[in-house]
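Since the structure comes first, as structure tokens, the remarks are kept for the end.
The values are calculated or read from the model by the stated rules, or taken from the named source; none is laboratory data. On a predicted model such as this, the values are computed, not experimentally measured, just so you know. Every residue, glycine as well, gets a Cβ built from its backbone with ideal geometry; the counts of neighbours run over all protein chains shown. Only protein heavy atoms, including side chains, enter the accessible area calculation; ligands, DNA and RNA are left aside. Shrake-Rupley method; radii C 1.70, N 1.55, O 1.52, S 1.80 Å.
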Amino acid sequence: MLSTLRLAWRNVGRNPRRTGIVIAAVAVGIAGTLISMAIFYGMMFQMVDNAIRTDLGHLQIHPPGYDEDPAIGLLLPAGGQTEIRAITQDPVTAGYAPRIRGEGLVTSPTASVGIRVIGIDPVLERDVSDVADSMVEGDYLARPRTAVLGRGLVRRLGVEVGDKIVLSVQDLNGDMTGEALRVGGIFQSPLAALDRSTLFLAQKEADHLFGLGGGISEIVVVAHSRDQAGGLQERLSSALAGREIRRWDELQPLLASILSVMDQMAWGLYVTIFIAMAFGIANVLLMAIFERIREIGILLAVGLSRSRLVAMVVAESLFVTFLGLIIGFGLAGLFLFLLSDGIDLSAWAEGMNAYGMGTRIVPVLGLEDFTIPTGVALLTALLASAWPAIRAARLRPAEAVRHD
Amino acid sequence: MTEKPAILEASQLGKVYETRGIETCALANIDLCIGEGEFTALAGPSGSGKTTLLNLMGALDAPTQGEVRLDGERLADLGPAALSRLRLHKLGFVFQAYNLIPVFSAAENIEFVMELQGIPGAERRSRALELLEQVELGGLGDKRPLEMSGGQQQRVAVARALASRPRIILADEPTANLDSKTAIRLLDLMLDLNQSQTTTFLFSSHDPLVLERARRRVWLRDGGIDRIEEGATA
């Protein structure tokens, strides 16, 4: 078999220009696919990670019934101490933060805007959210009776750091209540929706404002990686029976479906590229076989079996494809290395933020992004060589040896 | 008919080609026996059926009538894989031109057949070099066919045909593309192999240089045997 493979390998080098064109086509196809997918995945993962790192966390723990109606009266009692004990005992927990979540109306001298009010522990919140790192002005709830607002909300209200605003909410008893606060800081996150309609204030002040008596709306939990969320959810669900424990993709099914669509798009792209590639390979192999009919006749005459002849043609196809794959991977690797600091899309910042993305996209490729195209490409090469191989195997030696 | 032990036997052999519904009889009712150690030529004008007969006797094509036996075994009973094995182990071929695999060196061309036979690498290499010496091409083992003359290529083809230690070597117009001096060298080499190693040769040729060296000439005309001449004329 070795000599058949050696023959196949040498046949690959027989017409360098033609082989080079096929290898280049495979390489460019693979590299283009990988680079496109890396950029798309980079954008999508960033969108997901931004949502996780600004709002969702990997898991959220709520009192029973919260999914159905997230009313201010549904609370985890005693600041969620029972839940926090279970969370901190789990080895994959990287951070947690209690939150109070309600709705309100914020008023400035020039405007009133309906908003989400989130009461947070500024220290613990840093472990689950990047909002503290997104501050563009002022400080992050460092002083009492201050609030942190998104850039979009500040614009809508026409206020700046130090200005007074009035926050009105409906408390636990259903009574309207309000509090005068100062704008303590302004953040600008990759989530335009968060920036436009969210106000953060200290958990204690939110508790006082809503009259919750130490209860909290939710605990946000972050694991060391996104892949650990499922296992953590299972363990916490059994430890904290009755609580609603939801993963990020259950809280925001749209994000999960975007990733799923991306996977399907990747397959679609692979299949399209590889179908085009298959025709190229089959065409080149057929040409190579038509040029070598006499030689194939000689091979059959000296005793090469038809199965080995088929193996030789298939091996030629696999060699060409494999070379194309290696070069394609190299090109993609080089491109991604050069873009490892990310692609600056700040010129489209507004549009990117509207979709929950930052202005610097770092392309992302996993191991499976290399293994899947390798498998699909080699399978394509195998299928593409079937027709030429069968044509070769059907040659009659007596006619082939006399072919001009 | 020969009295030597028979290697190849054709009985009532015929071949009809069909192209777009039109039948052409290339060969009919051939009875021929090739004995061990023979140096026989199938002779005749173009279109007389020499190559067709050689192809049928070399298991490169299937007859439409009659049968061929190699060492008593009916070729018609064998499937494609068994025919490949038979060509590999029992038959050697030398064709008119472009006999060799251009991407292999002379030695690799010879070794290729032995590797198909499953002969280990070291043995293959030494036997290939030995065969190259035998055909007076020692030292040219690493040359590719395109770096060799037509005569040298044909001698490598003879060496390759010998490599599998076949029962018979079938040579189709082996001198057709050679000048007479080179052709004589090649034929003398084959004759020497026939005499010194009792290698059996069956030629298809109308080259007088071949015919005068053949010890038996089977003259074909219009797809049938016209006459058989015994004894070398050279």
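Regarding region A:63-84, can at least one residue be identified that is outside any loop (DSSP other than H, G, I, E, B), of a type outside the set (K, R), touching a residue at least 24 places away in the same chain (Cβ under 8 Å) and under 18 Å from A:R116 (Cα atoms)? Spell out how you get there, then give the answer.
Our first condition is that a residue be outside any loop (DSSP other than H, G, I, E, B); within region A:63-84, this holds for A:76, A:78-84.
Now narrow it down to the ones that are of a type outside the set (K, R): A:76, A:78-84.
Keeping just the survivors that are touching a residue at least 24 places away in the same chain (Cβ under 8 Å) gives A:76, A:78-80, A:82-84.
Then drop every residue that is not under 18 Å from A:R116 (Cα atoms), which leaves none.
Among the residues of region A:63-84, not one is outside any loop (DSSP other than H, G, I, E, B), of a type outside the set (K, R), touching a residue at least 24 places away in the same chain (Cβ under 8 Å) and under 18 Å from A:R116 (Cα atoms), which makes the answer no.
Checking the structure you have, find out if any residue of region A:251-268 is acidic (D, E), open to solvent by 50 Å² or more (accessible area, probe 1.4 Å) and within 30 Å of A:M312 (Cβ to Cβ).
No.
Hey, could you check region A:1-28 for residues that are hydroxyl-bearing (S, T, Y) and touching a residue at least 12 places away in the same chain (Cβ under 8 Å) and say which is farthest from the other protein chains (Cβ to nearest Cβ)?
Filtering first and then ranking leaves A:T19.
Listed residues A:S317, A:S346, A:S385, A:S307; which is touching a helix residue (DSSP H, G or I) at 6+ places or on another chain (Cβ under 9 Å), within 30 Å of B:N55 (Cα to Cα), of a type in the set (S, T, N, Q) and away from chain B (no Cβ under 14 Å)?
Working: A:S317 fails: within 30 Å of B:N55 (Cα to Cα); A:S346 fails: within 30 Å of B:N55 (Cα to Cα); A:S307 fails: away from chain B (no Cβ under 14 Å).
Sole residue among the options that is touching a helix residue (DSSP H, G or I) at 6+ places or on another chain (Cβ under 9 Å), within 30 Å of B:N55 (Cα to Cα), of a type in the set (S, T, N, Q) and away from chain B (no Cβ under 14 Å): A:S385.
Can you tell which of A:G119, A:G32 is surrounded by fewer than 22 Cβ atoms within 10 Å (Cβ to Cβ) and touching a residue at least 24 places away in the same chain (Cβ under 8 Å)?
Result: A:G32 is the single residue among A:G119, A:G32 that is surrounded by fewer than 22 Cβ atoms within 10 Å (Cβ to Cβ) and touching a residue at least 24 places away in the same chain (Cβ under 8 Å).
What strands (runs of 3 or more DSSP E) lie completely within region A:148-247 and have 3 or more residues being aliphatic (A, V, I, L, M)?
The qualifying strands (runs of 3 or more DSSP E) are A:164-170, A:176-187, A:198-202, A:218-223.
Count, please, the residues in region B:74-98 that happen to be at positive phi and within 11 Å of the chain's Cα centre (by Cα).
First, pick out the residues of region B:74-98 that are at positive phi: B:98.
From what's left, within 11 Å of the chain's Cα centre (by Cα): none.
Of the residues in that region, 0 qualify.
When the residues of region B:98-111 are filtered to those that are surrounded by fewer than 24 Cβ atoms within 10 Å (Cβ to Cβ) and at the interface with chain A (Cβ under 9 Å from one of its Cβ atoms), which remaining residue is nearest to B:Q153 (Cα to Cα)? Break it down stepwise before answering.
To start, the set of residues in region B:98-111 that are surrounded by fewer than 24 Cβ atoms within 10 Å (Cβ to Cβ) comprises B:98, B:101-105, B:107-108.
With at the interface with chain A (Cβ under 9 Å from one of its Cβ atoms) added as a condition, the list becomes B:98, B:101-104, B:108.
Working: B:Y98: 8, B:I101: 10, B:P102: 10, B:V103: 13, B:F104: 12, B:E108: 13 Å.
That would be B:Y98.
On the given criteria, is A:G268 under 30 Å from B:L60 (Cβ atoms) and either part of a helix (DSSP H, G or I) or more than 33 Å from the chain's Cα centre (by Cα) (or both)?
Spelling it out, it is not the case that A:G268 is under 30 Å from B:L60 (Cβ atoms) and either part of a helix (DSSP H, G or I) or more than 33 Å from the chain's Cα centre (by Cα) (or both).
Going by what's in this entry, would A:L181 be described as open to solvent by less than 10 Å² (accessible area, probe 1.4 Å) and in contact with a Ser or Thr (Cβ under 7 Å, 6 or more places away or on another chain)? Steps first, please.
Numbers: open to solvent by less than 10 Å² (accessible area, probe 1.4 Å): yes; in contact with a Ser or Thr (Cβ under 7 Å, 6 or more places away or on another chain): yes.
Yes: the conditions hold for A:L181.
Take A:V26 and decide whether it is closer than 30 Å to A:I289 by Cβ and either touching a Phe, Trp or Tyr at 6+ places or on another chain (Cβ under 6 Å) or among the aromatic types (F, W, Y) (or both).
For A:V26, the condition - closer than 30 Å to A:I289 by Cβ and either touching a Phe, Trp or Tyr at 6+ places or on another chain (Cβ under 6 Å) or among the aromatic types (F, W, Y) (or both) - is not met.
Quick one: how many residues across region B:60-84 are more than 7 Å from chain A (Cβ to nearest Cβ) and within 21 Å of A:T4 (Cβ to Cβ)?
3
Would you check which residues across region B:32-59 are among the small types (G, A, S) and within 14 Å of another protein chain (Cβ to nearest Cβ) and list them?
B:S46, B:G47, B:G49, B:G58, B:A59 - these are the residues of region B:32-59 that are among the small types (G, A, S) and within 14 Å of another protein chain (Cβ to nearest Cβ).
If you scan region B:85-97, which residues turn out to be at the interface with another protein chain (Cβ under 7 Å from one of its Cβ atoms), assigned to a helix (DSSP H, G or I) and of a type in the set (A, V, I, L, M, F, W, C)?
B:L88
Check region A:88-98 and report whether any residue there is within 28 Å of the chain's Cα centre (by Cα), assigned to a helix (DSSP H, G or I) and either surrounded by fewer than 22 Cβ atoms within 10 Å (Cβ to Cβ) or without any contact (Cβ under 8 Å) to a residue 12 or more places away in the chain (or both).
Yes, the conditions are met somewhere in region A:88-98.
Restrict the check to region A:69-78 and report whether at least one residue is open to solvent by 40 Å² or more (accessible area, probe 1.4 Å) and among the charged types (D, E, K, R).
Yes: one or more hits.
Here are some conditions: (1) within 30 Å of A:L7 (Cβ to Cβ); (2) polar (S, T, N, Q); (3) in a loop (DSSP other than H, G, I, E, B). A:T374 meets all but one. Which one does it not meet?
(3)
Every residue in region A:290-304 that is open to solvent by less than 10 Å² (accessible area, probe 1.4 Å) and at the interface with chain B (Cβ under 9 Å from one of its Cβ atoms), please. Give the steps one after another, and end with the answer.
Here is the first cut: in region A:290-304, the residues open to solvent by less than 10 Å² (accessible area, probe 1.4 Å) are A:296-301, A:303-304.
Result: A:G297, A:I298, A:L299, A:L300, A:A301, A:G303, A:L304.
Starting from residues that are at pLDDT below 90 and among the aliphatic types (A, V, I, L, M), keep the ones in region A:166-211 and report whichever is farthest from the chain's Cα centre (by Cα).
It comes out as A:L172.
Those residues that are open to solvent by 40 Å² or more (accessible area, probe 1.4 Å) and either within 30 Å of A:I361 (Cα to Cα) or touching a strand residue (DSSP E or B) at 6+ places or on another chain (Cβ under 7 Å) (or both), I need them from region A:1-29; list them, please.
A:A24, A:A25, A:V28
Name the residue, out of B:G21, B:G58, B:G47, B:G79, that is touching a Lys or Arg at 6+ places or on another chain (Cβ under 9 Å) and modelled with pLDDT under 95.
Going through B:G21, B:G58, B:G47, B:G79 in turn, just one is touching a Lys or Arg at 6+ places or on another chain (Cβ under 9 Å) and modelled with pLDDT under 95: B:G58.
For region B:112-134, how many residues meet the condition of being in contact (Cβ under 8 Å) with a residue 24 or more places away in the chain and within 7 Å of chain A (Cβ to nearest Cβ)? Show your work before the answer.
First, pick out the residues of region B:112-134 that are in contact (Cβ under 8 Å) with a residue 24 or more places away in the chain: B:112-114, B:116-117, B:127-128, B:131-132, B:134.
From what's left, within 7 Å of chain A (Cβ to nearest Cβ): B:112-113, B:116.
Result for region B:112-134: 3.
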